[in-house]
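The values are calculated or read from the model by the stated rules, or taken from the named source; none is laboratory data. Note that the structure is predicted; figures quoted are calculated from it, not measured. Glycine gets a Cβ as well: all are built from the backbone with ideal geometry, and neighbour counts include every protein chain shown. Note: accessible area is taken over every heavy atom of the protein model, side chains too, but ligands, DNA and RNA are not part of it. Shrake-Rupley method; radii C 1.70, N 1.55, O 1.52, S 1.80 Å.
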Amino acid sequence: MKSLRLAWLKLRREWRAGEHLVLLLALLVAVSSLTAVSFFTSRVERAMAQRANEILAADLRLRSSQPLSPDYLQHAKALGLKTAEGEFFNSVIVLNDASSISSARAMGLGYPLRGRLKVSDRLNGEAYETTQLPAIGEVWADPRLLSRLSANVGSSLQVGKSMLTVSKVLESRPDQGSQFVDLAPTLLLRPEDVAATGLVDVGSRLQYLQLFAGSAQAIAEFNTWWSAHRQPGERLETLHDASPQVQSSIERAAKFLNLTALTSVLLAGVAVAMGARRYATRHLDIVALMKSMGASQALVLAISTIELGLLGVIAGVLGTAMGYVAQLGLAFFARDLLSGELPAPSLNPLWLGMLTPLIVLAGFALPPLLQLKRVPPARVLRHNASPPKLRYFTVYGVAAIAVIALLIALVRDVRLVVYVAFGTVATILVLALAGWLLVRSLGGLRRAVGVSWRYGVANIARRGRESVVQLVAFGLGLMVLLLLLVVRNDLLTDWRLSLPANAPNQFLINISPDKVDALTKFFIDHGVATPQLVPMLRARLVSVNGNAPTQHAQQSDDRARGFLEREANLTWAKDLQEGNKIVAGQWWNANDGGGPRVSVEKNLADSLRLKLGDAIAFNVGGESITAVVTSFREVRWDSFKPNFFMVFSPGVLDKVIGTYITSIHLGKSQRSVMSDFYRQFPEVTAIDIDALLTQIRSVMDNAAVAIQYVFAFSLLAGISVLLAAVQATRDERRYESAMLRTLGASRRIVLQSVAAEFIVLGLLAGILGACAASAVGYYLATEVFNLKYHFDFNVWWIGLLGGVLLVGTTGIAVTRSVVNVPPAASLRES
């Protein structure tokens, strides 16, 4: 209690004296920037997830072959969720002498809960969004179905025992599927019309649906409740189950947002480090006085620790409140670019805001505190008596561990944190070495410049270690800001270019070998780029290293369970496909003479617990084929090109009769091509994925907007870092200015010397910051985001100019008030 009372009294006294201003400002920068980014990005991530969930037409989709309990709907409504229900079944649709298989979907009011239906008033007409559903006695038909039946709006289709009139062309629905399920063209009708068709009876292959949408908390609560009440055969689907392509885009967007938040934390950490350093320096004399009056080392450490802890709590509360207000501003300015209302932010930043100042203080202020307790009492009489220096590992190791732990807790992406942390450490070492070389090389330069520059250069050389520390702080701040610029301009652009305007928007499957030539000729004749056909066949995994595959799989993993329960799509290839990247092992050489080999997608390999060298066996048409796993791949599912979980080497599956798959791009003017295609190739299944492409481009656009606005906030945090770095030498500069002016130097000469000093530091910091930002950006692009990286030389001149302007302007702005203080006042205070 004594330590707490003394710490509180000391905090109040030093607060009134302005002693904690720099440190508090640094902590507020840390907490407010971090919480603002976290609040805002949580809202954007939730908004993107909701819009991506349009691929389900809901947030959750419950399906079963048995009628679903109405208790699910009642409980969902009690939680405040929106609901809809329906059913779907396959049926033969007849018009005159023509017929075609169709997926009939009878959906109730409220459908879809996410996204919009797109319809047109005639075949190949202009599509538009609608919130309506077909009227009773009417249907909306897929253009593929109408083309196969030679029908159009106004035609009467026979559905079972009923005749239903086509009132709209159903161009797309949010949940039309993207995993080669729901392959038959859709016929949308009302549930009230199903009974009259006579198609629903005992033994009918009918699937029942319930859809749910609402807040993330309510969805999570319903998911937990349903898990405890689920019945056999029921399956609750999420976005990942519906579309790995959209999920892949969401994960990549989250990485971009996490990277932006991560850089803000680095900026905040640098600011706090400089503030804590100044705090420790200014308290050397106070601690020496306390120890000369009998205070023990333990009491000194306890008082200082509790005092900073109280300061951390104050900074946490104020900074979190400031961060919340700041994110409201971000959301307000982004309202026109982020279509729709942003959902409420997650509450996670609240505990993050309270924990951040304590962790940062423990990392950056604890080492100086440990040094403070060893201040000799003799410092009261001899000002040059200083505590022994701490080992570098003690000082920087604790700080690094604290910050890395905070970053991992924030972004939950160890790989991303490791790359940025490694780049930061490398930058620190290079900046420290460059600073040391600069200080050593300034002797000759001092004799070749004018008076103002001579004073400025002399300040850098004379301070030595302090100049190196400032250079590291300036360089880190600029590196992080330039890295954000690289992310905002280059990586984000590369990501968006990875899904160009002419990305494939039609998948064609079930192409028999005897139709390959005719299909290729059809598209060439219609002016469509020659499609690349990829072989595909179905097979079932039967063993891994001679054992049942269930012994290797994680049974809780849906991906592994689905791969084991159903037949898998397999292919073979000579060369590695575009959008695939080997992350372990090696791709085969066609001339190396090896036996059957297979390459496995990395996430599936983890789910099945496969290792390089494992022998996996498939049953292919009654024949067992065994191959050795020689590589693991990362697959860009959002490239919208035919991709497979498992790819075999040539010569293993070539003789097995299978089918082909391909993807093509059709422009708006080529929409009528598919009508001819359906009539000429009725056995080939075409899947229109325009709606899916729109979803992913929406994710990209939202991520771009978020990063632009967070970049603006991080820029302010970066400027605060520069202010903190300059403030760290404020006291010393005030004394030097007073001495120079007492000895006859004019105020103009002193200001010019300060400008020269900071321009030199800014020049070097800008050059090295640009180098580091380019290097870290390259590794992030190639190793984390799986993108092609193009070096942008604009970063270099921006770094050079920005270093000179930002560091020079900041240094002059902060020290200007110091120079304006009368010399007599400064010398009396010293």
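Using a basic spin-label model with each label point 7 Å from the Cα along Cα→Cβ, how many nm lie between ARG5 and HIS790?
7.0 nm
What is the gain in length, in nm to one decimal, between SER669 and LEU347 on full extension, counting 0.36 nm per residue of separation less the C-alpha to C-alpha distance?
Gain on stretching SER669 to LEU347: 111.1 nm.
Could you order peptides 798-810, 566-578 by the average number of other Cβ atoms within 10 Å of their residues, highest first?
Those peptides, ordered most packed to least, come out 798-810, 566-578.
Determine the alpha carbon to alpha carbon distance for each of LYS82/LYS668; LYS82/LYS581; LYS574/LYS668; LYS521/LYS641; LYS77/LYS161; LYS168/LYS515 and list only those over 30 Å.
Flagged as over cut-off: LYS82/LYS668; LYS82/LYS581; LYS574/LYS668; LYS77/LYS161; LYS168/LYS515.
Just order 622-629, 641-648 by mean Cβ neighbour count inside 10 Å, highest at the front, would you?
Top of the packing list down: 641-648, 622-629.
How many percent of the accessible area of segment 68-217 is carbon or sulfur, using a 1.4 Å probe? Walk me through the numbers before you get to the answer.
Working: 3070 of 6560 Å².
Summing carbon and sulfur atoms, their accessible area is 47 percent of the total for segment 68-217.
With each pseudo-label sitting 7 Å past Cα toward Cβ, what's the ILE408-LYS77 distance in nm, one decimal?
4.8 nm
Going highest first, how would you order 472-483, 137-148, 610-621 by mean Cβ packing within 10 Å?
Going by the mean number of other Cβ atoms within 10 Å, highest first, we get 472-483, 137-148, 610-621.
Say R0 is 56 Å: what FRET efficiency, to the nearest 0.05, do ASN547 and ARG374 get from their beta-carbon distance?
Using R0 = 56 Å, I get an efficiency of 0.35.
Given a 1.4 angstrom probe, what's the average accessible area per residue across segment 87-236, in square angstrom?
45 Å²
Given a 1.4 Å probe and every protein chain left where it sits, what share in percent of the accessible area of segment 600-661 is carbon and sulfur? Before the final figure, lay out each step's value.
Numbers: 1260 of 2410 Å².
After summing per-atom areas, the C and S share lands at 52 percent.
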